[in-house]
1. Only sites in a loop by DSSP and with at most 15 other Cβ atoms within 10 Å count here; which GluC sites (Glu not before Pro) in segment A:20-93 make the cut?
2. Taking the simple approach of a point 7 Å from Cα along Cα-to-Cβ for both B:Phe109 and B:Arg235, what is their distance in nm?
3. Evaluate the charge dipole of segment A:55-188 about its Cα centre and quote only its size in Debye, nearest 20, assuming +1 on the Cβ of each Lys and Arg and -1 on the Cβ of each Asp and Glu.
4. From Cα pairs below 8 angstrom and at least 6 apart in sequence, can you work out the relative contact order of chain A, rounded to a whole percent?
5. Points 7 angstrom from Cα along the Cβ direction at B:Ser189 and A:Tyr170: gap in nanometres?
6. Among A:Gly102, A:Leu234, A:Leu10, which residue has its Cα furthest toward the positive end of the charge dipole of chain A, with +1 on Lys/Arg Cβ and -1 on Asp/Glu Cβ?
7. Among B:Ala317, B:Ala265, B:Ala227, which one shows the highest mean-square fluctuation when chain B is modelled as a Gaussian network with alpha-carbon springs under 10 Å?
8. Along segment B:250-258, what does the Karplus equation 6.51 cos²θ - 1.76 cosθ + 1.60 (θ = phi - 60°) give for ³J(HN,Hα), rounded to whole Hz, x for Gly and Pro?
Amino acid sequence: MRSVIRAERLDSGYGHKVIVAGAELLVQPGEIVTLIGPNGAGKSTVLKTIAGQLEPIAGTIYIGDAERSAYSLTDIAKKQAVMLTERKPAEKMTCEEVVSLGRYPYTGRLGILSENDKKIVRDTMELVHVTELADRNYDHISDGQRQRVLLARAICQEPEIMILDEPTSYLDIRHKLEFLDLLRSLTQEKEIGVIMSMHELELAHLIADKVICVSADGKVVKTGSPEEVFTDELISSLYSLGDGRLREVYSGFVKSIEKNG
Amino acid sequence: MRNSRIKACYALLGVLLLVLILLNILIGSSSMTMGDALKILFSHDTVSKYGKIVWDIRMPRILAAALLGGALSVSGFLLQTFFANPIAGPYILGISSGAKLVVACVMIFALSHGMMVHSLVMIIAAFAGSLAVTGVILLISGKVRSMAVLIVCGVMVGYICSAVTEFLVTFADDSNIVNLHNWSMGSFSAVSWDNISVIALVVLIAVIVSFLLSKPMNAFQMGEQYAVSVGVDIRSFRIGLITLSSILSATVTAFAGPISFVGIAVPHIIRSITDTSKPVVMIPQCFLGGSVFCLFCDLLARSLFAPTEMSISSMTAVFGAPVVIAMLIGRKKR
């Protein structure tokens with residue numbers, strides 16, 4: 001099976017403190033893999049470790065066929081793009097400048113964009129529908145627009161793998177769907193493998209090809225298709241929900257919509 | 001649109017720089033006409049009365065103000081990038097005061113043993129002081145999340161260093177005090193031609209290396225995680241940034257004493273004019289802006305109440321602090 005990224009017996013955490021132990025995961029080209037699990041389970045920790053923000057405590061990460069450590073930092077950056085939750089006011093940066101930063105691994109010493117780089121930036125902004133934001137200050141746009149700009153930035157990096165940490169958390173339902181539709185179509189077209197964490201179970205069900213469940217005690221308890229994972233039993237125990245609560249929330253919601261529809 | 005603003009800013013700074021250099025040559029306790037000055041400049045006349053004044057007194061001081069002002073401003077910009085905080089600067093974080101303390105120690109020791117202190121030794125002493133305080137600030141920044149608290153801690157560390165310096169100066173031999181006192185207040189007057197060549201070498205190399213780091217700095221402005229994700233070797237980048245900003249502010253402190261607010265005010269003014277914070281633009285413009293700002297302040301410091309000369313730091317505070325206050329209010333509003 002061809003994988004863009006793969007982890008074997010991966011222990012991730014901070015310093016020597018293991019937060020998620022023995023994770024096995026594999027992402028194929030064009031596939032969307034979603035991490036779900038309760039707050040504090042360590043989904044972000046796993047993603048940060050795969051992204052190279054944290055050193056793995058044990059285990060091996062493969063990018064393509066080779067071990068991650070065999071690549072230079074720039075080579076990794078040409079294969080792997082991220083959208084993490086870090087949010088830092090980038091003073092006086094326009095959206096176009098933010099997107100252009102995606103070309104970082106490809107530009108020379110001073111980071112000056114070539115004509116080709118500029119074209120890729122323009123085309124990507126067109127694809128992600130942020131062309132009209134080009135000259136706007138990145139700090140002054142809405143959360144939905146910001147996530148699209150960051151998506152453009154990541155696509156611009158021409159990665160084979162994209163790692164996203166809760167990309168839809170701060171968006172309203174329309175923007176959540178818009179974002180996920182865009183992500184789906186772009187990554188399928190460009191054969192980018194996606195691994196991301198999500199809190200919205202119904203959306204994970206909608207978008208994911210494969211779901212990985214990380215439990216509160218830091219273990220991967222189940223990996224499978226949405227149909228296999230989203231069962232009352234599994235989800236209730238994963239999130240320690242009381243009897244019937246899951247049905248109450250989701251079935252109740254569906255009934256209400258259907259009754260009035 | 002933005003490009004034209006950047007070009008306009010370069011043009012403005014270039015013109016101001018030339019005008020201020022000229023004014024600094026002309027104005028002083030013995031004024032000369034434009035004709036005299038130009039003749040002296042182009043004939044390299046170093047023997048006549050005016051020739052001596054221009055070449056021995058005013059020129060080194062002009063070069064010192066231009067080079068050290070630029071260094072201070074770039075040092076401020078590097079610290080602001082590092083801490084992701086526009087209020088960071090070598091003076092406010094106590095880094096200049098740390099440098100002052102170590103330089104004062106070295107000077108008192110050398111003077112009491114009748115030794116001369118070489119320019120490079122001064123820079124190294126100041127660099128050691130800068131690094132020590134930067135280390136303390138970094139330790140604090142690992143413990144506190146709030147940037148405001150970090151800045152207050154920096155101010156406190158600065159006070160402690162200044163207090164210890166005062167203490168040392170008070171107990172130094174009488175003859176040393178005059179020398180030390182002038183310097184510890186901040187002044188470009190004591191810089192010699194020998195100093196200038198060392199200053200030029202150190203400052204220009206540090207600024208050029210900083211400029212070559214523009215690209216990772218740009219990525220770092222988007223956050224550390226992003227910088228890592230696009231391939232920045234974050235550890236060596238951080239070390240490089242801190243080392244460069246320390247070298248730059250140390251050089252200033254070694255020769256002109258601590259100078260306040262230039263490192264915060266100038267980058268802010270430049271950002272407002274050019275409407276960008278891209279390091280590729282900011283570093284050269286901050287350097288020019290710092291030169292202009294310090295030449296302007298030094299001109300006022302020595303001519304406003306002539307023959308009494310004011311400390312350069314009081315001038316930079318008068319013009320720099322309001323800019324910083326305006327910036328803080330402007331940020332709150334948004």
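Taken together, the values in this text are just the output of simple stated rules run on the coordinates, not laboratory data. What you are looking at is a predicted structure, and each value in this text was computed from that prediction instead of being measured. Positions of Cβ are generated from backbone atoms using ideal geometry, with glycine treated the same way; all protein chains shown enter the neighbour counts.
1. Working: sites: A:Glu24, A:Glu31, A:Glu67, A:Glu86, A:Glu91; in loops: A:Glu31, A:Glu86, A:Glu91.
Here the sparse-neighbourhood loop sites are A:Glu86.
2. 3.2
3. Working: 18 positive and 23 negative charges, 31 e Å.
That gives segment A:55-188 a dipole magnitude of about 140 debye.
4. Numbers: 466 pairs, mean separation 69.8, N = 261.
Value for chain A: 27 percent.
5. Placing both labels 7 Å beyond Cα along the Cβ direction yields 5.3 nm.
6. A:Gly102
7. In this elastic network of chain B, the residue with the biggest mean-square fluctuation among B:Ala317, B:Ala265, B:Ala227 is B:Ala227.
8. Calculated HN-Hα couplings, in order: 5, 4, 4, 5, 4, 9, 10, x, x Hz.
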